[in-house]
Amino acid sequence: MESKTASESLTIMTNIVLPNETNSLRNLFGGELLAKMDRCAAISASRHSETRVVTASVNHVSFKHPIPEGGVVVLESKVSRAFSTSMEIYVDVWLDDPILKKKVHTNEGIYTFVAVDENNVPVKIPEMVPVTVLEKDRHLAALRRKELSLILSGRMKAEDSVELKKLFSEK
């Protein structure tokens, strides 16, 4: 199985915020945005794994700026790290004003997907090789998040971690 780069999973989705997607303040509902982010991330995961994928978790979402009714929202997702059958997907969200030619980073989220066969059994996926500085940073951070998750769930001992141990060990 050949490794892939993050850019091979790049997915860009553009939408306009409609009135039925907004709250009483006329801003995009958080849940509407989460659904859009999940769909965008799922496409990236499927592009990387070349198979069906299921959402395993939403690891982090930050809401920095509201997205108003009528706003153009752009979602960009890529695989940040691939493990044996799962992969972490990083989603960046932008408010794009095509008239003023201004983009504001409004949100970001980290999703985990698992590649599965037709029987929902996890399948092996290709390694992801980061290229850019940002991809390398996100790739390393994904391993730290994975290790922390495994430790907190009791599936890994803290002393068995690789990256987390480096953060807390004396030099």
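So the values come out like this:
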quantity: Read-out Kirkwood radius over Cα pairs in Å, derived from the coordinates shown; its label in (1) 17.1; (2) 16.6; (3) 16.1; calculated: (1)
quantity: Exposure proxy ranking, count of Cβ atoms within 10 Å, fewest first, for MET1, MET13, MET87; calculated: MET1, MET13, MET87
quantity: Average Cα contact separation per residue, segment 39-164, under 8 Å, 6 or more apart, as relative contact order %; calculated: 26
quantity: Amide H contacts under 5 Å for ARG52, placed H, 5+ residues apart; calculated: VAL116
quantity: In segment 98-170, the GluC sites (Glu not before Pro) that fall in loop regions by DSSP, at most 16 other Cβ within 10 Å; calculated: GLU118, GLU127, GLU170
quantity: Separation of alpha-carbon centers, segment 87-102 and segment 124-171, rounded to whole Å; calculated: 26
quantity: Rough spin-label spacing in nm, given labels placed 7 Å along Cα→Cβ, for SER3 and GLU108; calculated: 2.3
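Only the coordinates and a few stated rules stand behind these numbers; no lab work does. Bear in mind the structure is a predicted one, so any value in this text is a computation, not a measurement. Ideal geometry is used to build each Cβ from the backbone, glycine not excepted, and the neighbour counts take in all protein chains shown.
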